[in-house]
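Heads up, the thing below is written out as structure tokens.
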Amino acid sequence: MRTRQILYLIFLFFTSCKYFKGDKCNNTLPIIGTYQNTYDKKAENLLIIKEDGTFEQIFKKGEIVRENNGTWKLSTTRECYVILKGLKVLHEIPLSLKKYFDHSGVHRFNNILFFEDTGYAFDFYRVE
């Protein structure tokens, strides 16, 4: 009897984990929100996804301030993909990485992820 209770508790623990809930892309929150790119630790690099289908980018590092705006929509042909029209890389990255940048990302685990092997330069992680 005790073993059955322990197994039941373990089952409840794993099914309540945020990675077992949410949509088919493991998102527990809608895409609307604020995300941060952490490639340059000395900068604030935000992507703000708005409910009206627009986004705003804000990059601040010391005296440098860069801003950009564009539109977004969820892909109708590829699951989990978000198309970010007008998205730019506002921070400095090596030229060899720029060729990998794509304006569509994957909205998964409440983050917006880009090219798998070099994603740390492009990915945005939810902050609110």
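When the range 86-102 is filtered for residues that are within 16 Å of Phe124 (Cβ to Cβ) and over 14 Å from the mean Cα position of the chain (by Cα), the ones remaining, listed by number, are Gly86, Lys88, Val89, Leu90, His91, Ile93, Leu97, Tyr100, Phe101. Of all the residues in the range 49-81, those that are closer than 25 Å to Lys24 by Cβ, in a strand (DSSP E or B) and in contact with a Phe, Trp or Tyr (Cβ under 6 Å, 6 or more places away or on another chain) number 3. Among residues that are modelled with pLDDT of 95 or more and closer than 17 Å to Val106 by Cα, Ile58 is not included.
Under the condition of being surrounded by fewer than 12 Cβ atoms within 10 Å (Cβ to Cβ), among the aliphatic types (A, V, I, L, M) and modelled with pLDDT of 90 or more, the residues counted in the range 8-31 number 0.
The values are calculated or read from the model by the stated rules, or taken from the named source; none is laboratory data. Note that the coordinates shown come from a computational prediction; the quantities given were computed from them, not determined experimentally. Heads up, the Cβs are rebuilt from the backbone with ideal geometry, glycines too, and the neighbour counts pull from every protein chain shown.
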